[in-house]
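The structure appears right after this line, and notes come after that.
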Amino acid sequence: MEYKNLGESLKRELNAIAKERVKRSMRPGIDYIPASGKLMFPQDLLAGVEAVLDGWLTGGRFNREFESRLAKESGSLRALSVNSGSSANLLALATLTSPKLGERALKPGDEVITVASGFPTTVNPILQYRCIPVLCDVQIPNYNIDPDLLEKAVSSKTKAIMLAHTLGNPFDLDAVMEFAQKYGLWVIEDNCDALGAKFDGKRTGSIGHIGTCSFYPAHHITMGEGGAVLLNDPELIRIAESLRDWGRDCWCETGHDNTCGRRFSGQHGKLPFGYDHKYVYSERGFNFKITDIQAAIGLSQLDSLEAFIQKRRQNHAYLTKRIRERLDDVVITDTVHPKAEAAWFGFTLTLREKHAGKRHALLQYLESEKKVGSRLLFAGNILKQPAYLNMPHRVVGGLENTDRVMTETFWVGIWPGLEEEHLDYIAASIASFFGR
């Protein structure tokens, strides 16, 4: 990255400070080993300082380059940066409600196929736009939708499918896209946990109609808070851009005026002729933009993306070997679709039936006695969560696997800050609980 604002002496001073900030010590058995974490380098922090010294602060040169590079990296025509992965999911679904889409636009009462197991912000946008989530069960051990349930899930009200690639493990996009094409449904890929994953050689997030990303510190790259929406359809791009930027009809970048050359010469709705195009609103939008400081850090982190993904895969493969060597009769480890290349977010385990009911004690043991962090598979069965007990929904068949995930599944870390010594310790800690 080119630094326009940093002189050599300032660069040296800041570099020394940055190196001190990114130091991290994790001694197995002494220091806590978190389930997720960020890996940052001095150049990432220097990029943020460079953006601060620009004095522009809102989206500018760093954001333009970040969006361009992210689109290229993800195999998408357009990447729109937003302030979180949750906002990305909301913007994705909101885009499909635009009246510009005619009969295909989502309306209150329309159904969206999803799963009951996952992170709430995959389901929340469906509810926020008063659509009905149709909840399907997942498969174990890939924790994605059971494709055999799709035909049972569809009805005359179905308009879309919104699914996450669980913990970086791609769902069966062949089955989902074939089904969507058959019934004329929109597909939103919640790719927040799966940046860099592939299915049949293509990047996930670019295969459905809209994809989403998250850059929270736990994810594959970080800018602190942040996310993105990935699009390939020009009409959806235009709608999403408008919705992200207050719903305005104008497409001028921040700090630019009259890109269209007709700023004061258009007729819009019932406004007076020549009403300033910068203040014409064609969608009921948001302000989901990020700062250029975030974009600068994210842009620098993109340089490390492939290395991060490969380290996650390497760690996942290593821990799989260690767990299966000692605990194959105790836990089920995750599997991947034959056409998929996962970009692992975590390492998922489900207790086998003979050890059912031991998860609570196991996780307490790992946390308090072994200093090993763990996480549940997010909401478990979302229908059992306090905020969702009375939500409008439809369930397809039973949710047996979802309920099993809720009671017997957890995950531990394989993020790039962990080395083999940490993974050995994690495996040994789990094994010791079972007397192995």
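General remarks:
- Matching residues, segment 249-280, being within 24 Å of T212 (Cα to Cα) and in contact with a Lys or Arg (Cβ under 7 Å, 6 or more places away or on another chain): C250, C252
- Residues that are of a type in the set (G, A, S) and either over 22 Å from D172 (Cβ atoms) or modelled with pLDDT under 95 (or both) number at least 1 in the following helices (runs of 4 or more DSSP H) confined to segment 326-436: 359-364, 420-433.
- Filtered residues of segment 271-323 (kept if among the aliphatic types (A, V, I, L, M), outside any helix (DSSP H, G or I) and under 21 Å from the mean Cα position of the chain (by Cα)): I290
- Restricting segment 96-112 to residues that are of a type in the set (A, V, I, L, M, F, W, C) and without any contact (Cβ under 8 Å) to a residue 60 or more places away in the chain, the residue that is nearest to R238 (Cα to Cα): A105
- When A342, A356 are checked against the criterion of being surrounded by 18 or more Cβ atoms within 10 Å (Cβ to Cβ) and either of a type outside the set (A, V, I, L, M) or assigned by TED's automatic domain parsing to the domain that holds H422 (or both), A342 stands alone in meeting it.
- Any chance V336 is touching a strand residue (DSSP E or B) at 6+ places or on another chain (Cβ under 8 Å) and either surrounded by 15 or more Cβ atoms within 10 Å (Cβ to Cβ) or within 24 Å of F215 (Cα to Cα) (or both): no
- Cβ-Cβ distances below 9 Å connect the following pairs, each with a first residue in segment 145-161 that is loosely packed, with under 14 Cβ neighbours inside 10 Å, a second residue that is assigned to a helix (DSSP H, G or I) and not hydroxyl-bearing (S, T, Y), and a separation of six or more residues or different chains: D148/A175; E151/F179.
- Residues of segment 78-136 that are in a strand (DSSP E or B) and among the basic types (K, R): R78 alone.
- Taking (1) surrounded by fewer than 16 Cβ atoms within 10 Å (Cβ to Cβ); (2) free of Cβ contacts under 8 Å to residues at least 40 places away in the same chain in turn, G397 satisfies each apart from (2).
- For segment 92-122, the set of residues classified as within 14 Å of V187 (Cα to Cα) and out of contact with any Cys (no Cβ under 9 Å at 6 or more places or on another chain) consists of A92, A94, T95, L96, R104, A105, listed by residue number.
- Checklist (1) in contact with a helix residue (DSSP H, G or I) (Cβ under 6 Å, 6 or more places away or on another chain); (2) surrounded by fewer than 19 Cβ atoms within 10 Å (Cβ to Cβ) applied to G227, failing item: (2)
- Residue count for segment 241-269 satisfying the condition of being surrounded by fewer than 16 Cβ atoms within 10 Å (Cβ to Cβ) and modelled with pLDDT of 95 or more: 0.
The values are calculated or read from the model by the stated rules, or taken from the named source; none is laboratory data. Predicted model only: the values in this text are computed from it and were never measured. Every residue, glycine as well, gets a Cβ built from its backbone with ideal geometry; the counts of neighbours run over all protein chains shown.
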